[in-house]
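The values are calculated or read from the model by the stated rules, or taken from the named source; none is laboratory data. These numbers were taken from a predicted model, which means no experiment stands behind them. All Cβ positions, even for glycine, are placed from backbone atoms using ideal geometry, and neighbour counts span all protein chains on display.
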RNA sequence: GUGGUAGUAGCUCAGUUGGUUAGAGCACCGGAUUGUGAUUCCGGGGGUCGGGGGUUCGAGUCCCCUCUAUCACCCCA
């Protein structure tokens, strides 16, 4: 009988596991440098939590089942509902702003393809309790900083920045009611993947004879790439009264956000691009997606503001903004760019042991060095010197500790630098005190000074 | 959920118009070799040729189904 890994799931053998952990390390380091705090939560949640957030249709894309207590449960497909539940339940006792991040596995029952598996890891970072553009700026900066920390250049990727709030105003200026506007936003989200003819058909379904007009407006807006063009477009919108004032305030939000991003040193990585809308309807303000510079492939990360979600899931009103970055697309990109991740660590010391008489001394030193925190290996069975040494070299270890009959008689250990093939004889009792110098500077420093 | 392509050893692959007991390189294990290195030599384990059915005297090879991978569509939180 032979078992295979389930479709869309991965085994992580040491090389792959090390690369994966290296991604986690970069994520964690980046988040911590922005002073985000790490949290974690169960991978299994009530099914209802995800339905409440995303609608009944989501069930078809989940790993879900009924547990022995007759509860409908599902493996989490994303972190945001869980976070909203967590923060919502404690909203009144948490110091704001809440800046939290998490790294965890997520599960979606979908057909695997390039950049998309059924089990994948996501880095989620969110700021809750702050409604101003300062929070959006902080998150976008973290996103850019994270990608750069892998060694990606500023022009290897781009963060496309858009604004659902602004789209509402633009569509309102076209006299579209809420329902129609939602429909049109859905169309805008899919425009890139849609032929021109089909686009006009869809628009005609939504707004009737005004399709051509609306389409022209949308096209103009989607072409905007800088703040000046954005501002002049906004000022040209035929709105009056309260909605005009709101729009004016929105221009200031944009101005503020762009300035903050520039001061934070990530302005080069951000491009205004209102063709980003992002599928599901819970985003409320600025939204953004990171892509490889050419725009090819799946989004590296995506996020935006979701000011209503915490309340929708039963908590108090709580503004929020966040993003998620997956490991699969990221790893693909790093490989394309020939950026290597951390390989498995090698031993600091490997023992070469002559025989049973020497073994007891060797193992005492092994235990001592391990207590000091070094990676130490020794052969689990007796073998001749040549074989042991050969194995030691092939293992990639830095130093061999040689324990033979001569060394035992003299109470010494022979330290061999496996890279330079130089050796140093050291009284055993000095090993512990010499070891940090050996690791840091090699044995040459001791040979000359001792 | 729909469609294209592919599947032979752990990995990369060869395998003739269908013809005897399916091969190579790399990797792995053992030995030459119980006091010093990636070389060399010798030996070894490994495969129901993804799985099932069919055609045939005979199938790794041809046909059908299925599984898996991959790419695209749908979807993309």
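Which is away from RNA strand B (no atom under 11 Å from the Cβ), part of a loop (DSSP other than H, G, I, E, B) and more than 20 Å from residue A:35 (Cβ to Cβ), of A:88, A:69?
A:69
Please verify whether residue A:130 is surrounded by fewer than 20 Cβ atoms within 10 Å (Cβ to Cβ), in a strand (DSSP E or B) and touching a strand residue (DSSP E or B) at 6+ places or on another chain (Cβ under 9 Å), treating the condition exactly as stated.
No, not satisfied.
Checking the conditions here, which among A:408, A:419, A:428, A:414 is within 14 Å of RNA strand B (Cβ to nearest atom) and exposed (fewer than 13 other Cβ atoms within 10 Å of the Cβ)?
Answer to the selection: A:419.
To keep it simple, each residue is scored yes or no on (1) farther than 22 Å from residue A:284 by Cα; (2) in contact with a strand residue (DSSP E or B) (Cβ under 7 Å, 6 or more places away or on another chain).
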site	(1), (2)
A:157	yes, yes
A:161	no, yes
A:173	no, no
A:177	no, no
A:184	no, no
A:197	yes, no
A:215	yes, no
A:225	no, yes
A:229	yes, no
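Among the residues of segment A:49-66, what is the count of those that are part of a loop (DSSP other than H, G, I, E, B) and over 23 Å from the mean Cα position of the chain (by Cα)?
1
Does residue A:394 satisfy the condition of being free of Cβ contacts under 8 Å to residues at least 60 places away in the same chain and under 42 Å from the mean Cα position of the chain (by Cα)?
So residue A:394 passes the test.
Got a sec? Which of A:374, A:378 is away from RNA strand B (no atom under 14 Å from the Cβ) and touching a residue at least 40 places away in the same chain (Cβ under 8 Å)?
Of the residues listed, the single one that is away from RNA strand B (no atom under 14 Å from the Cβ) and touching a residue at least 40 places away in the same chain (Cβ under 8 Å) is A:374.
I need the full set of residues from segment A:175-187 which are within 12 Å of RNA strand B (Cβ to nearest atom) and crowded, with 16+ Cβ neighbours inside 10 Å, in order please.
The answer is A:185, A:187.
Can you name every residue in segment A:410-424 that is within 24 Å of residue A:346 (Cβ to Cβ), part of a strand (DSSP E or B) and in contact with a strand residue (DSSP E or B) (Cβ under 7 Å, 6 or more places away or on another chain)?
Correct list: A:413, A:414, A:415, A:416, A:417, A:423, A:424.
So that you can scan it fast, the table gives a plain yes or no per residue for (1) under 18 Å from residue A:104 (Cα atoms); (2) more than 10 Å from RNA strand B (Cβ to nearest atom):
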{"position": "A:15", "(1), (2)": "no, yes"}
{"position": "A:32", "(1), (2)": "yes, yes"}
{"position": "A:50", "(1), (2)": "yes, no"}
{"position": "A:54", "(1), (2)": "no, no"}
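Identify the single condition in (1) outside any loop (DSSP other than H, G, I, E, B); (2) surrounded by fewer than 16 Cβ atoms within 10 Å (Cβ to Cβ); (3) touching a residue at least 12 places away in the same chain (Cβ under 8 Å); (4) touching a helix residue (DSSP H, G or I) at 6+ places or on another chain (Cβ under 7 Å) that residue A:170 does not satisfy, given that it satisfies every other one.
(2)
Inside segment A:297-399, counting only strands (runs of 3 or more DSSP E) that do not spill past its ends, which hold 2 or more residues that are under 24 Å from residue A:54 (Cβ atoms)?
The strands (runs of 3 or more DSSP E) meeting that bar are A:301-305, A:320-326.
In segment A:320-366, what residues are under 17 Å from residue A:12 (Cβ atoms) and out of contact with any helix residue (DSSP H, G or I) (no Cβ under 9 Å at 6 or more places or on another chain)?
Matches in segment A:320-366: A:326, A:328, A:332, A:335.
Yes/no per residue for (1) modelled with pLDDT under 95; (2) touching a helix residue (DSSP H, G or I) at 6+ places or on another chain (Cβ under 9 Å); (3) farther than 19 Å from residue A:12 by Cα:
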position	(1), (2), (3)
A:68	no, no, yes
A:87	no, yes, yes
A:98	no, yes, yes
A:122	no, yes, no
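Go through segment A:312-324 and report how many residues are surrounded by fewer than 17 Cβ atoms within 10 Å (Cβ to Cβ) and either outside the structural domain of residue A:53 (by TED's automatic domain parsing) or touching a residue at least 24 places away in the same chain (Cβ under 8 Å) (or both).
Within segment A:312-324, residues that are surrounded by fewer than 17 Cβ atoms within 10 Å (Cβ to Cβ) and either outside the structural domain of residue A:53 (by TED's automatic domain parsing) or touching a residue at least 24 places away in the same chain (Cβ under 8 Å) (or both) number 3.
Are any residues in segment A:317-349 more than 30 Å from residue A:307 (Cα to Cα) and within 11 Å of RNA strand B (Cβ to nearest atom), and if so, which ones?
Hit for segment A:317-349 is A:332, nothing else.
Look at residue A:403 and say whether it is near RNA strand B (Cβ under 10 Å from one of its atoms) and either in contact with a helix residue (DSSP H, G or I) (Cβ under 8 Å, 6 or more places away or on another chain) or assigned by TED's automatic domain parsing to the domain that holds residue A:84 (or both).
yes
Mind checking which pairs have a first residue in segment A:355-366 that is touching a residue at least 60 places away in the same chain (Cβ under 8 Å) and a second that is in a helix (DSSP H, G or I) and surrounded by 14 or more Cβ atoms within 10 Å (Cβ to Cβ), Cβ under 9 Å, 6 or more apart or different chains?
Pairs that qualify, where the first residue is touching a residue at least 60 places away in the same chain (Cβ under 8 Å) and the partner is in a helix (DSSP H, G or I) and surrounded by 14 or more Cβ atoms within 10 Å (Cβ to Cβ), are A:361/A:407; A:361/A:408; A:361/A:428; A:365/A:428; A:365/A:431.
Please enumerate the residues belonging to segment A:148-164 that are in contact with a helix residue (DSSP H, G or I) (Cβ under 6 Å, 6 or more places away or on another chain) and in a helix (DSSP H, G or I).
Passing the criteria: only A:149.
Restricting to segment A:11-27, count the residues that are touching a strand residue (DSSP E or B) at 6+ places or on another chain (Cβ under 8 Å) and surrounded by 17 or more Cβ atoms within 10 Å (Cβ to Cβ).
Adding up the residues that qualify gives 3.
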